Amino acid sequence: MFFAPLRVMQHTVKIFAGAFFLLVFVGFSWKSTQVPSPSKKSPAFSAGINTSIKKAFLEVWQHYKSLHRYGFEVIQTNLTSSTMQAQPVINLSQVFSSKRGYKLDVAEKVLDSGELNVADLPEEVLRGWFAHELGHIIDYENHSNLGMIGYGIRYSLSDRYKREREHEADSIAIRHGFRKEIIAAKKYLLENEFISSDYQNQIKKYYMSIRGAELCPDELGAILPKVKLNL
Ligand SMILES: [Zn+2]
């Protein structure tokens, strides 16, 4: 009996999370109809962005050539629930079309790390992190603009779907040549004590393990093995 109300409550929280994502998505789409379209220069960086962030991002960006045709912005901003967030930029009028841009929000500080600046992360870790985020964007390419709404809702509501998407972002990064950097980022986050254990547990729950990254194939085989989840 004790667990029943708790489960209902967790479910309610998840529904709220899904609805919140939808509102943010629509809100952002609405907002983006009010601002001028981004300049032709892509990727564009927010004013005053840290130079090591910019340098590391550009090194990774060179390996994701299929994204070069899009408007892309890297914005350093305050994030409260993550360290980096890769998102499609879709105007409300474009929901039923295929036009879109992308943006990557980068927090000033690593989530739950106290005072660790993202810009102070070792270069290899930063590159691994960016490669993972651009992996998400390649994954978004498999979804229509309308489909992205479903993606957002499923990601918020389903632990299993979230885990699959996070694993896929890592495998895409590895297929783009960033295995060493992905492993370095995982080791850094899991082995440093100034990263909170809550955050480390989230990483263990949703992300590919270090061993998984070592074994992940360089190329897609004819049959993609289903990720086995050990919970
Ligand atoms: Zn991710």
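Each value in this text was obtained by applying a stated rule to the coordinates, not by laboratory testing. This is a predicted model, so every value here is computed, not measured. We place every Cβ from the backbone using ideal geometry, glycine too, and count neighbours over all the protein chains shown.
Measuring against 18 Å, Cα to Cα, the residue pairs Lys109/Lys162; Lys65/Lys109; Lys162/Lys204 contain Lys109/Lys162; Lys65/Lys109 as the ones spanning a longer distance. Which part of the range 97-131 falls in the paramagnetic zone of Lys180, meaning amide N under 11 Å from the point 7 Å along Cα-to-beta-carbon? In the range 97-131, the label zone of Lys180 (backbone N under 11 Å from the point 7 Å along Cα→Cβ) covers 124.
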